[in-house]
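Engineer: The structure follows.
Bear in mind these aren't lab numbers, they're just calculated from the coordinates by the rules spelled out. In this text the structure is predicted, and so the values were computed from the model without any measurement. Reconstructed Cβ throughout: ideal geometry from the backbone, glycine too, with neighbour counts over all protein chains shown.
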Amino acid sequence: MKSLILVVVACAVAAPAFAEEPVGCDKFKWPLDKERATLNGTDLPKVVSGDRAAFPIPFATIVALVPFADAKLPAPPERAPKSPDTFAGFFEAKAPAQAGSYNITLSAEGWIDVEQSGHAVKSTAFSGALGCEGIRKSVKFDLAAAPFTVELSSVKADSIRIVISKD
């Protein structure tokens with residue numbers, strides 16, 4: 001009886017670790033068809049980590065990243081990378097035309113931090129799904145009408161596609 005209780009407890013504790021993320025393009029919490037089409041495009045402009053992006057919002061770009069240890073991020077990521085063998089980078093973006101909710105959408109797995117006016121901007125919502133070609137996650141941030149910095153970390157490749165759009 002005691003061993004049966006231990007097995008039940010072990011399964012209950014382990015179950016959340018095995019929970020899978022949703023699979024499929026229709027599993028995101030909000031529509032991302034435009035962002036997905038853009039991320040799958042072939043002629044996106046490129047920025048290098050540390051650049052200032054001169055594009056007005058909405059925009060998409062490919063961000064060239066560097067090994068995390070070499071990234072020189074302006075602020076430490078809110079969540080430290082699980083592996084030191086990941087890539088990171090950052091870029092500065094122009095001020096949005098108006099304050100409001102903005103989506104930052106990534107083509108692959110990665111962590112997004114945003115700083116504005118010297119402070120971290122907390123995300124307000126997150127949506128992610130597996131098995132959707134060209135898009136992996138989208139995070140909402142409330143931004144003021146001021147320039148901001150996007151930091152990317154925990155990325156498995158040396159570049160990532162990103163879209164910033166008004167919610």
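Engineer: If I histogram all Cα-Cα distances within the chain using bins 10 Å wide from 0, what percent of pairs lands in each bin?
Structural biologist: It works out to 10, 36, 33, 11, 6, 3, 0, in whole percents.
Engineer: What are the lysines whose alpha-carbon lies under 27 Å from the alpha-carbon of LYS27, with same-chain residues fewer than 8 places away excluded?
Structural biologist: LYS82, LYS122, LYS137, LYS140, LYS156, LYS166
Engineer: Considering only VAL23, VAL48, VAL139, give the residue with the highest GNM mean-square fluctuation for the chain, with springs between Cα atoms whenever their separation is below 10 Å.
Structural biologist: Sorting by GNM fluctuation, first place goes to VAL23.
Engineer: Compute the helix-to-body angle for 2-18: its Cα long axis versus the longest principal axis of the chain, expressed 0 to 90° and rounded to tens.
Structural biologist: Computed tilt is about 10 degrees.
Engineer: Same structure, new question: Of all GluC sites (Glu not before Pro) in region 95-167, which ones are in loop regions per DSSP and have a Cβ with at most 10 other Cβ atoms within 10 Å?
Structural biologist: For GluC sites (Glu not before Pro) across region 95-167 that sit outside H, G, I, E and B with at most 10 neighbouring Cβ atoms in 10 Å, the list reads GLU133.
Engineer: Report the gain in length on full extension from ASP142 to LYS156: 0.36 nm times residue separation, minus Cα-Cα distance, nm rounded to one decimal.
Structural biologist: 2.3 nm is the gain from fully extending ASP142 to LYS156.
Engineer: Taking the dipole about the Cα centre of region 9-165, with the C-beta of Lys and Arg at +1 and of Asp and Glu at -1, give me whichever of SER83, VAL114, VAL63 is farthest to the positive side.
Structural biologist: VAL114
Engineer: At 7 Å along Cα-to-Cβ for each site, give me the label-to-label distance between ASP51 and LYS82 in nm.
Structural biologist: Between ASP51 and LYS82, the label points sit 3.0 nm apart.
Engineer: List the longest stretch of the chain that has no exposed loop site; here a site is one of the trypsin sites (Lys or Arg not before Pro) assigned by DSSP to anything other than H, G, I, E or B, with at most 16 other Cβ within 10 Å.
Structural biologist: 30-71
Engineer: Here's something else I'd like to know. Say we join alpha carbon atoms closer than 10 Å with springs in a Gaussian network model of the chain; which of ILE112, ILE57, ILE104 then has the biggest fluctuation?
Structural biologist: Its mean-square fluctuation being the largest, the pick is ILE57.
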